[in-house]
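Student: Pasting a structure below so you can have a look.
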Amino acid sequence: MSAFCKIAAGAKPVAVALCGLGLLVSALAQADDAADAPSARARIEQALEHQKDRRAVAIGEKTRDPADQVLAAFRDNLADQLVDLGRESDSVEIRRRAIAGLGNGNQQRAMRLRASLGKTLLKMGDDEGARQQFDLVDQWQARTLPETHPDRIEIRSYAVLLAARIGKPDAREKLAALASDIERELFANADPDRRASSVPDLLARLLDASWLVGDRDTGFRVAQLMALDEAGRAIYAVSARTAARLPEAAALIRRRQDLLAERDRSTQAALRAFGKGGADYREATAAVAKVDAALAETETALRGLSPADAALTRFQSLDEQSVAARLAGNEALLMPVPLGKDIVTFVVRRDRADWARSQGSTVLADISALRSSLNVDLSTRGALADQAAPRPAFDRALAYRIYRTIIAERLEKTLTGSQNWIVAPGGPLAGLPFAALVTQPPEGPDGEATTLRKTLWLIRRAALTQIPAVSGLGVETLSAKPGERFVGIGAPLLEGKAAPGEVRSFYRGGAINREAIAGLAPLPQAERELNRMREALRLQPALLVGAAATESAVKQQDLRNVRVLAFATHGLVAGAVDRTSEPGLVLTPPARPDSTDDGLLTASEIAALDIDADWVVLSACNTAAGSSTSAPALSGLARAFLYAGGRSLLVSHWAVRDDVA
């Protein structure tokens, strides 16, 4: 093959030929197929990296001693590239050569090579070969690291999975011990230790092992850790604050919660500054150290004030018996979590429990298709800007397929007799509108009103409550007494005709663009909606509507001792109109916006509020959406209200019409 590659004139391709390797990577990114360009560039970059590593190994093998650490590092990098290119067998050969070359030399490097070799052998289906490598690594680590060190935990997770696959008698015992260590060491603050970046994969191995050995109780606890996201951590924190015996302890728990959030932000900033080095990195690490010192001081004060209240801040999953004790006779807990391409679903009743695994499903793609068919991404609240438009028929067969994937036939017997389902979905399943699932194979055309009325929707079978974390089950009962007030906020004064999705950006020069906010269409029924709530609830009312519905007024409003806190306004979904924007609720824009009042109450500003409310109603579009376009459901506005102190939320998965609400 020629060392040079010809590019066709006028074709606008991106093409690279790595001829010296006998490897040709050609990626044509035509003007009419621009979507393929990013993946083409990624393949090219991968091939270039492979070429560089292979050349480094070839030079190293000629110029360096076989036991040389640098040569071993070159071989390790090349092996990684071969795995990425799907050439696992070549990768195994390279790593075996690297290990043999090191001999009795640098054992730390050798053990890293063995760990990577074991992972590749496991991927290839060579369980016995993988077990041998992980056993050697574990034996070496045992001499230098405690069992609870993150590196040791990772190797133990592979060993446990292999023991379960092979059928070793002690697999179940080792699995339970490892699951307890992970929860205690990595989830102490209801937040995985940042050192363990592979926590999701680690937990997936444990859930897989639980299924293989039939240990449902350990699997149930592991699944809770897998499902624990930002909203789950927020509900756990608010439950600790609510359950605190002393008001001073509750205040310290809130401060601890704020410091943990600040430490997370500071840590991320330090990671971004690492590449720059110098003063930027020193300042960032100093900021982390300052937060850590304040956190240690707060935790010491909390333990000194009330050891029992301090213990509430330590995350603890619930076993099936503890969950069953919190359920009424007609209630069922349903917890589905993704496991690779599979779905593992747990069902717990007061007197029984079961689990099932649906293998090789396409449920995640099906959920995305279902949401699209519901037009959940419409950025309007049914305001004056609404236009009549044809909509595709709802795919009931798809809704039934998702239902049957999540709730396998064997679980129906356990669910029989339950009228109230408490759903605690994990990962992307949190974005599924469960009420719209279909429980029996549908009949008749999807688009006919008569057949839709006769459809056996899941919401007709059971009342549904979704919780962000199983550990939050029963949180709403922890309050000493129900709130006595109703606070209604919304119906902002707006002057335009635009729906949120029609506005290119709500930001200008890094600040909120007042004209863009004011240019949204008004919501003529929102004030009536809030007044109807006030009349129905018969609580002590406080209404902020129209000109009074400003951001500064909300921040000054007493939001404690509230039974129902309701917002009726436009909701802005994260990233829907600006890639970097966070979600928010639209309020009446001031004449002269400033940093405290610009007409948009963002998720971070909501999280800073001091709320004590039994129920928060967010009557706006897609308020269950995440904190970014790629974030899990409930991590945006919902998580912010939970963080601030709301105990139960009513949120939407789609656009909410003003006249209907």
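Student: Any idea how many residues of the range 405-439 are in a helix (DSSP H, G or I) and at positive phi?
Tutor: 1
Student: Another one. Looking at the range 522-533, can you tell me whether even one residue there is polar (S, T, N, Q) and modelled with pLDDT of 80 or more?
Tutor: Checking the range 522-533: at least one residue is polar (S, T, N, Q) and modelled with pLDDT of 80 or more.
Student: Another one. Looking at Thr218, is it open to solvent by 10 Å² or more (accessible area, probe 1.4 Å), among the β-branched types (Val, Ile, Thr), farther than 29 Å from Leu295 by Cα and without any contact (Cβ under 8 Å) to a residue 24 or more places away in the chain?
Tutor: When the stated conditions are applied, Thr218 does not pass them.
Student: Another question about this same structure. Given the criterion open to solvent by 30 Å² or more (accessible area, probe 1.4 Å) and of a type in the set (Gly, Ala, Ser), identify the matching residue among Gly129, Gly167, Gly101, Gly118. Steps first, please.
Tutor: Numbers: Gly129 fails: open to solvent by 30 Å² or more (accessible area, probe 1.4 Å); Gly101 fails: open to solvent by 30 Å² or more (accessible area, probe 1.4 Å); Gly118 fails: open to solvent by 30 Å² or more (accessible area, probe 1.4 Å).
Gly167 is the lone residue from the list that is open to solvent by 30 Å² or more (accessible area, probe 1.4 Å) and of a type in the set (Gly, Ala, Ser).
Student: Still on this structure, please answer the following. Could you go through the range 326-339 and let me know if any residue there is of a type in the set (S, T, N, Q) and in contact with a helix residue (DSSP H, G or I) (Cβ under 8 Å, 6 or more places away or on another chain).
Tutor: Scanning the range 326-339, I find no residue that is of a type in the set (S, T, N, Q) and in contact with a helix residue (DSSP H, G or I) (Cβ under 8 Å, 6 or more places away or on another chain), so the answer is no.
Student: Any idea which residue in the range 511-530 is farthest from Ala620 (Cα to Cα), counting only those that are open to solvent by less than 40 Å² (accessible area, probe 1.4 Å) and without any contact (Cβ under 8 Å) to a residue 60 or more places away in the chain? Show your work before the answer.
Tutor: Step one: of the range 511-530, the residues open to solvent by less than 40 Å² (accessible area, probe 1.4 Å) are 512-513, 516-523, 526, 529-530.
Add one more test, that the residue is without any contact (Cβ under 8 Å) to a residue 60 or more places away in the chain, and what stays is 513, 516, 519, 530.
Details: Asn513: 21, Ala516: 18, Gly519: 17, Leu530: 13 Å.
Among them, the one singled out is Asn513.
Student: Could you count how many residues in the range 238-280 are open to solvent by 40 Å² or more (accessible area, probe 1.4 Å), in contact (Cβ under 8 Å) with a residue 24 or more places away in the chain and not in a helix (DSSP H, G or I)?
Tutor: 2
Student: List pairs: first residue in the range 536-562 and at negative phi and of a type outside the set (D, E, K, R), second residue in a helix (DSSP H, G or I) and surrounded by 15 or more Cβ atoms within 10 Å (Cβ to Cβ) anywhere in the structure, Cβ distance under 6 angstrom, at least six positions apart or on different chains.
Tutor: If the second residue must be in a helix (DSSP H, G or I) and surrounded by 15 or more Cβ atoms within 10 Å (Cβ to Cβ), the pairs left are Pro541/Arg534; Leu544/Ala553; Val545/Glu527.
Student: Okay, next question. Which members of the range 125-152 meet the condition of being among the hydrophobic types (A, V, I, L, M, F, W, C), assigned to a helix (DSSP H, G or I) and farther than 19 Å from Leu212 by Cβ?
Tutor: Correct list: Leu136, Val137, Trp140, Ala142.
Student: Of all residues in the range 326-360, how many are among the small types (Gly, Ala, Ser), at negative phi and open to solvent by 10 Å² or more (accessible area, probe 1.4 Å)?
Tutor: Matching residues across the range 326-360 total 4.
The values are calculated or read from the model by the stated rules, or taken from the named source; none is laboratory data. Remember, predicted model here, so these are calculated numbers, not experimental data. Neighbour counts are summed over all protein chains in view; Cβ atoms, including those assigned to glycine, are modelled from backbone coordinates with ideal geometry. Accessible surface areas use protein heavy atoms only, side chains included; no ligands, DNA or RNA. Shrake-Rupley method; radii C 1.70, N 1.55, O 1.52, S 1.80 Å.
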